[in-house]
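The values are calculated or read from the model by the stated rules, or taken from the named source; none is laboratory data. Since the model is a prediction, treat every value here as computed from it, not as a measurement. Glycine also receives a Cβ, built like all others from the backbone with ideal geometry; neighbour counts cover every protein chain displayed. The area values use the complete protein model at the heavy-atom level, side chains included, leaving out ligands, DNA and RNA. Shrake-Rupley method; radii C 1.70, N 1.55, O 1.52, S 1.80 Å.
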Amino acid sequence: MSTPLLVSTLAPEANIEAFEIETQPGKTTRYLITSPELNMKRLLASGLDKIFQLGPVFRKGERGRLHLPEFTMLEWYRKNCDYKDLMKDCEKLLPCASQAAGNSSQSVNLDGCQISLRPPYHVVHVDEAFQKWAGWSPLEICDPDRFDHDMAAIIEPSLPTDKPVFLFGYPAWQASLARLSPRNRKVAERVEFYVKGIELANGFSELVDRKEQEERFEKETKKMLEKGIAPYPRQQFFFDALDLLDECAGMALGVDRLIMVLTGAEKIDDVVAFTPEEC
Amino acid sequence: MYDSSDLRKGLKIVLDDEPYIITDFQFSKPGKGQALYRCKLKNMVTGYTIDRTFRSGDKFEPANLEEVHMQYLYNDADGYHFMDLKTYEQVTLSDEQVGEAKNFLKDNMEVDILFFRGTPISISLPTFVELEVIEAMPGVKGDTATGATKPVTLETGHKIQVPLFIEEGDVLKIDTRTGEYVERAKK
């Protein structure tokens, strides 16, 4: 698929800032996509059942060893699937990509660390990881600041490194587009895919309940306002599509980081033709 | 004011009313989470390094430091006195602020004094200084082992290790970064 990069609205996310574009003086602001999610789900709702998109996405202010404000995202969706199928996709994709990059399909060498690519990969539960390494339960305490800090400072460096890892079972307040687990409403069916502490991909069993999605967007929009970010216009096209959308699951994978992992690059700068500072 | 997105290696900012320089900087951000700006910062007064994590929206006051070329005059109970050779203005630094530099500080020596918010906070010596030996044991004849050293006392009262051939009255070139003898400057 190839959905537009320049759009009139996006999913509200208080922690992801979009570039605003004025296409014509005086006309309403448009945005560079931070992810193709909303328009891809509209295509699913229109009847397609397995789609992917490979292309650039844009996020303001993100720059570091693993971050570029413009990077390449591989995003895919499957109908009548859930997060477990996405995990299987990743287990197939990584050995394949490794082989395509001229490595063995069995393992990659990163930072002097041998990482086996043979499935099954590790599955670490978010709540168990936090209780074990950070000493608190994000299912019991809703503290986004502490969660983000401990995730970067404690959890990610503690993850096993001999094989890729799925971090699964995020607290419900950490997933604005994921379905909640039918067995435990405190847990969202959200999965993150890591290789040696590097976050490669994020996926959900998608929320397809229009009412619940509208409520979550309202909540997230309030958070944006509190942070002084101008809210996006109402996501009417997307809400209307949700009425027609069946159960599905989708994953977004950072392609530059995947290439880093497969080539042993130390920083994301090493896998792009030019960094933002160079062009 | 700076905000978090200005943070980078080498930036000087004020934290808890003290000037710091960022010596290591890492941007990290879980895809869906908030950005964290993890810094190692060196206190420009004490030299101590600390770790701090900042978030988006945090604001920082730039640490404006000024270096002034001054001449060392003398020390007394109040501390060490220096004079700006252009304005003849005098400032005083405490024993603590001068620190190890006092071992190599000699009357009339020209040094750089670092000012933060108009107050002198530290001193930086020239990389090399020349100081006279005022006390030295005679070298033991026959002891020619390479690398053999003996202690001598400099005119500042500080003792350092030097090669055996150094005598009283010699002027030595000393590297103030390491505090070590470099060579004999002249007799």
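Pairing each residue of the stretch A:130-155 that is under 17 Å from residue A:169 (Cβ atoms) with any residue that is of a type in the set (Ser, Thr, Tyr), provided the two are 6+ apart or on different chains, yields C-beta distances under 7 Å for A:130/A:137; A:131/A:137; A:133/A:158. Among residues of the stretch B:43-64 being among the hydrophobic types (A, V, I, L, M, F, W, C), assigned to a loop (DSSP other than H, G, I, E, B) and within 14 Å of residue B:11 (Cα to Cα), the one that is most open to solvent (accessible area, probe 1.4 Å) is B:44. From the set of residues in the stretch A:142-161 that are acidic (Asp, Glu) and open to solvent by 40 Å² or more (accessible area, probe 1.4 Å), which is nearest to the other protein chains (Cβ to nearest Cβ)? The qualifying residue nearest to the other protein chains (Cβ to nearest Cβ) is A:145. Taking the stretch A:209-233 as the range and being in contact with a helix residue (DSSP H, G or I) (Cβ under 6 Å, 6 or more places away or on another chain) and not in a helix (DSSP H, G or I) as the test, only A:231 passes. Within the stretch A:172-190, can you find the residues that are away from chain B (no Cβ under 12 Å), part of a strand (DSSP E or B) and either on the phi > 0 side of the Ramachandran plot or not acidic (Asp, Glu) (or both)? Across the stretch A:172-190, the qualifying residues are A:180, A:187.
All but one of (1) in contact with a helix residue (DSSP H, G or I) (Cβ under 9 Å, 6 or more places away or on another chain); (2) more than 14 Å from chain B (Cβ to nearest Cβ); (3) open to solvent by 10 Å² or more (accessible area, probe 1.4 Å) hold for residue A:164; state the number of the condition that does not hold. Exception for residue A:164: condition (3).
If the condition is being in contact (Cβ under 8 Å) with a residue 12 or more places away in the chain and either of a type in the set (A, V, I, L, M) or at positive phi (or both), then the stretch A:21-34 contributes A:21, A:32, A:33. Among all residues of the stretch A:270-277, there is at least one that is part of a loop (DSSP other than H, G, I, E, B), more than 14 Å from chain B (Cβ to nearest Cβ) and closer than 30 Å to residue A:116 by Cα.
In the stretch B:96-139, the residue that is surrounded by the most Cβ atoms within 10 Å (Cβ to Cβ) out of those that are part of a helix (DSSP H, G or I) and at pLDDT 90 or above is B:104. Look at the stretch A:227-240: where a residue is surrounded by fewer than 12 Cβ atoms within 10 Å (Cβ to Cβ) and a partner is of a type outside the set (Ser, Thr, Tyr), sitting 6+ places away or on another chain with Cβ atoms under 9 Å, you get A:228/B:57; A:230/A:20; A:230/A:224. The set of residues in the stretch A:264-277 being at pLDDT below 95 and open to solvent by 90 Å² or more (accessible area, probe 1.4 Å) consists of A:266, A:277. Does the stretch A:28-41 contain at least one residue that is closer than 20 Å to residue A:277 by Cα and open to solvent by 20 Å² or more (accessible area, probe 1.4 Å)? Yes, because at least one residue in the stretch A:28-41 is closer than 20 Å to residue A:277 by Cα and open to solvent by 20 Å² or more (accessible area, probe 1.4 Å).
If you check A:207, A:180 for being surrounded by fewer than 19 Cβ atoms within 10 Å (Cβ to Cβ) and within 18 Å of residue A:249 (Cβ to Cβ), only one passes: A:180.
May I ask you to say which residue of A:89, A:85 is modelled with pLDDT of 95 or more, more than 25 Å from residue A:234 (Cα to Cα) and open to solvent by 30 Å² or more (accessible area, probe 1.4 Å)?
Values: A:89 fails: open to solvent by 30 Å² or more (accessible area, probe 1.4 Å).
Answer to the check: A:85.
Taken together, A:45, A:97, A:14, A:101 contain a single residue that is at pLDDT below 95, more than 30 Å from residue B:38 (Cα to Cα) and of a type in the set (A, V, I, L, M), which is A:101. Would you check which residues across the stretch B:3-54 are within 14 Å of another protein chain (Cβ to nearest Cβ) and of a type in the set (Ser, Thr, Tyr) and list them? Scanning the stretch B:3-54 gives B:4, B:5, B:28, B:37, B:53.
Scanning the stretch A:94-108 for residues that are of a type in the set (A, V, I, L, M, F, W, C) and touching a residue at least 60 places away in the same chain (Cβ under 8 Å) turns up A:94, A:97, A:101, A:108.
Of all residues in the stretch A:128-141, those satisfying the criterion of being open to solvent by 30 Å² or more (accessible area, probe 1.4 Å) and either among the polar types (S, T, N, Q) or out of contact with any Lys or Arg (no Cβ under 6 Å at 6 or more places or on another chain) (or both) are A:128, A:131, A:132, A:133, A:135, A:140, A:141.
A residue that is surrounded by fewer than 17 Cβ atoms within 10 Å (Cβ to Cβ), in a loop (DSSP other than H, G, I, E, B) and away from chain A (no Cβ under 14 Å) cannot be found anywhere in the stretch B:65-75. Residues in the stretch A:42-57 that are closer than 27 Å to residue A:273 by Cβ and open to solvent by less than 10 Å² (accessible area, probe 1.4 Å): 1 in all.
Of everything in the stretch B:7-42 that is of a type in the set (A, V, I, L, M) and more than 30 Å from residue B:118 (Cβ to Cβ), the residue that is surrounded by the fewest Cβ atoms within 10 Å (Cβ to Cβ) is B:36.
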